[in-house]
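For reference, the structure is listed below as structure tokens.
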Amino acid sequence: MFSRYLEILKARHAARLLTGTLVGRLPNATSAIAIVLFVRAEGGSYSLAGVLAAVYGLANAVGQPVLGRLVDLHGQPRVQLPAAVLAAASMAVFAVTGLDPLPVAYLATVGAGLFTPPLEGGLRALWPSVLRRDDQIHTAYAMDAVAQEVMFTVGPLLVSLFVAVWSPMAALLALNAIGVLGALSVVLSPPSRAWRSAPREAHWLGALRSGGLLVLLGALFFVGIALGSITVAAAAYADRTGPDGDAVYAVLLAALGFGALVGGGLYGAREWAGAPERRLKGLVAALALGYLPLIAMPGPTPMTLLAALAGVFLAPTIACAFVLVDRHAPRGTVTEAFSWLVTTFTVGSSVGTGVAGPVLESLGTRAGFAVPAVAGTVSLVVLLASRGVLARPRNLGRVAAGSENDPNRTVEPRFSSGDRA
């Protein structure tokens, strides 16, 4: 089962790029929790902590596609490393100044989120230059999705460790410093320094002019809603179980993550036949069905098993979406396209968190667990209604005549991210 993953990790630079990207994204995976703990330690309210964490997340959602486009235009080292340094510096300002004056705290969190480097999209843009076979790239996307689940599980534990050993301020400073080191490891690697985006047609919409990409973003937006809403519904369920509610909640979320790890691992361990567009529909359908049994709300033990089952198809869905982004993104916009996917999924998760609360309060916990199932179903409807658009991947052989990347505006036939001029 693991031979395909070992084959990828043995490829030159692959392990370094994957590890550097995950380490570089630690600040993004931990900032929301670290901000909340820091604000509370400074005497701020939970409301203020939540607002600052939301401001960080919103700024991050705005900055990812913008920085992704800059990476496509100017290369990875010239964008990723300065962005990582600016993000860490902004968070350092927040950690040192605290909540007084409050406008500085807001500006600092905005800067930290806005300048978070698009390492996630950058890694996916690098895989084709590191791995030469399509089946290896597909496996790498699955491994990427699984590694993210590990990072978002380990990240909060690291925050707790730093807070326990030192302080919330030390956690903010240390994790962002580690993030800069991860970004540095990536941008100094030969694949990152050599990578150039394919020539792109000058267009203000950039990656968003692709109809297929817009369909994918719409579908993944509702998958994000499902993921965000289930975390809130799980909290409401845990509160009903009594004094052990916090432990039950942690176990349920761990089960969701474990299911995603197992599903992603199995998905990437084999080669899949057929068009990925069709496969994505099946995965989204299975994801929506997996959420339905949670509505029954049995006891904690069977509920944990159902939560693990519900998570199985999440990582495969995301990995398959990565493949489709690469197929439908216009030439020269691959980093921007992947960054839009990150932004859309993040915004969808935030919307799901916001929607689940009112549903729980007005209709009860069972209705809260119905939200992810409904969101998954809507995602499937989006894919089915737009199957004609998804059936037309971008033309891989097209070369734009008006390249934004080429200062001489010359056409170079057969130039691609895998070739060297």
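The values are calculated or read from the model by the stated rules, or taken from the named source; none is laboratory data. All figures in this text were calculated on a predicted structure; none of them were measured in a lab. Don't worry about glycine lacking a Cβ; one is built from the backbone with ideal geometry, like all the others, and counts go over all protein chains shown. SASA here: full protein model, heavy atoms, side chains in, ligands and nucleic acids out. Shrake-Rupley method; radii C 1.70, N 1.55, O 1.52, S 1.80 Å.
For the residue pair residue 107 and residue 271, what label-to-label distance in nm results when each label sits 7 Å from Cα along the Cα-to-beta-carbon direction?
Inter-label distance under the simple model: 5.7 nm.
Can you tell me the length gained on complete extension of the stretch residue 193 to residue 363, counting 0.36 nm per residue apart and subtracting the Cα distance?
Length gained, residue 193 through residue 363: 55.8 nm.
Using alpha carbon centroids, what distance separates region 168-184 and region 1-78, in Å?
So the separation of the two Cα centres works out to 11 Å.
Using a simple spin-label model with points 7 Å from Cα along the Cα→Cβ vector, what separation in nm is obtained for residue 152 and residue 133?
Going by the 7 Å Cα→Cβ label model, 3.1 nm.
Ranked highest first by the average count of other Cβ atoms within 10 Å around their residues, in what order do 99-108, 348-357 fall?
Values: 99-108: 15.0, 348-357: 19.6.
The most tightly packed comes first, giving 348-357, 99-108.
Would you kindly find the accessible area of residue 74, with a 1.4 Å probe and non-protein molecules such as ligands, DNA and RNA excluded, rounding to the nearest 10 Å²?
Result for residue 74: roughly 90 Å² accessible.
Pairs of Cα atoms under 8 Å, at least six residues apart: use those to get the relative contact order of the chain, whole percent. Walk me through the intermediate numbers first.
Values: 740 pairs, mean separation 107.8, N = 421.
Relative contact order, the chain: 26 percent.
For a quick check of your reading of the filter: which trypsin sites (Lys or Arg not before Pro) in region 1-95 sit in a DSSP loop and have no more than 13 other Cβ atoms within 10 Å? Can you show the working numbers first?
Values: sites: 4, 10, 12, 16, 25, 40, 69, 78; in loops: 12, 25.
Listed in order of number, the matching sites are 12.
Hey, if we sort 166, 127 by accessible area with the 1.4 Å probe, largest down, what's the order? All intermediate terms of the calculation are to be shown ahead of the outcome.
Values: 166 160, 127 0 Å².
Correct descending sequence by accessible area is 166, 127.
Of the labelled options [x] 33, 28, 19; [y] 37, 23, 19; [z] 45, 22, 20, which one gives semi-axes √(5λ) of the Cα gyration tensor in Å as computed for this structure?
[x]
What is the extension gain from residue 11 to residue 46, computed as 0.36 nm multiplied by their sequence separation minus the C-alpha to C-alpha distance, in nm to one decimal? All intermediate terms of the calculation are to be shown ahead of the outcome.
Values: separation 35, 0.36 × 35 = 12.60 nm, distance 4.64 nm.
Stretched out fully, the residue 11 to residue 46 stretch lengthens by 8.0 nm.
With unit charges on the beta carbons (Lys and Arg positive, Asp and Glu negative) and the dipole taken about the Cα centre of the chain, which residue among 85, 264, 385 sits farthest to the positive side?
After comparing all options, I get 385.
Just to make sure I understand: if all protein chains stay in place, what is the order of 221, 38 by accessible area at 1.4 Å, largest first? Please list the in-between numbers first.
Working: 221 55, 38 5 Å².
Ranked list, largest accessible area first: 221, 38.
Select from the chain the helices, each a whole stretch of DSSP H, whose alpha-carbon atoms run 20 Å or more along the helix axis and whose Kyte-Doolittle mean is at least 0.0; answer none if there are none.
Values: long enough: 26-41 (21 Å, 1.49); 46-74 (41 Å, 0.97); 77-97 (30 Å, 1.38); 134-165 (45 Å, 0.93); 168-187 (29 Å, 2.02); 211-239 (43 Å, 1.87); 245-268 (34 Å, 1.44); 276-291 (23 Å, 0.29); 314-328 (21 Å, 1.18); 334-363 (42 Å, 0.93); 365-385 (31 Å, 1.67).
Those that clear 20 Å and a mean of 0.0 are 26-41, 46-74, 77-97, 134-165, 168-187, 211-239, 245-268, 276-291, 314-328, 334-363, 365-385.
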